[in-house]
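Step one of this worksheet: look at the structure below.
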Amino acid sequence: QVQLVESGGGLVQVGGSLRLSCAASGIFSSIETMGWYRQAPGKQRELVAGISGGGSTNYVDSVKGRFTISTDNARNTVYLQMNSLKPEGTAVYYCNAGIRRTLTYTYFEVWGQGTLVTVSS
């Protein structure tokens, strides 16, 4: 069984920074993609940033230039550095990973439990 464990959420003032971490544990062949989603109250979950196994990244327009996604492949960990946070960044942030199983190499996705980020003005 594969698990994603997130950390790093909390309360921050407008203009401040936070770094989220998400570590994958369990038995698997490889991680193909990792990403961060968020869901604000009353809104649908949206992709914030994603990164492929090859290192290609993508961001939602609203965070470009302020957020940076990165990975530590040796630790199966993905990070989201969030700078210049705005009140609309208040949401539960979820980690997501696209993983290949061992033996069968079938692809599946797994989600973290979510971590709350609150940006106060």
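The values are calculated or read from the model by the stated rules, or taken from the named source; none is laboratory data. This structure is a prediction, so every number in the text was calculated from the model and none was measured. So basically every Cβ, Gly included, is an ideal-geometry build from the backbone, and we count neighbours across all protein chains shown. Note: areas computed on protein heavy atoms with side chains; ligands, DNA, RNA excluded. Shrake-Rupley method; radii C 1.70, N 1.55, O 1.52, S 1.80 Å.
Assuming 0.36 nm per residue, please report the length gained on full extension of the stretch Arg101 to Ser52 beyond their Cα-Cα distance. It would help to have the intermediate numbers written out before the result.
Numbers: separation 49, 0.36 × 49 = 17.64 nm, distance 1.68 nm.
Between Arg101 and Ser52, full extension yields 16.0 nm more.
Which order do the peptides 98-108, 73-83 come out in when sorted by mean C-beta neighbours inside 10 angstrom, highest first?
The most tightly packed comes first, giving 73-83, 98-108.
Tell me the per residue accessible area of the chain using a 1.4 Å probe; a whole number in Å² is fine.
Working: 6530 Å² over 121 residues.
Here the residues of the chain average 54 Å² of exposed surface.
Accessible area of the chain with a 1.4 Å probe: how many percent of it is carbon plus sulfur?
Roughly 48 percent, rounded to a whole number.
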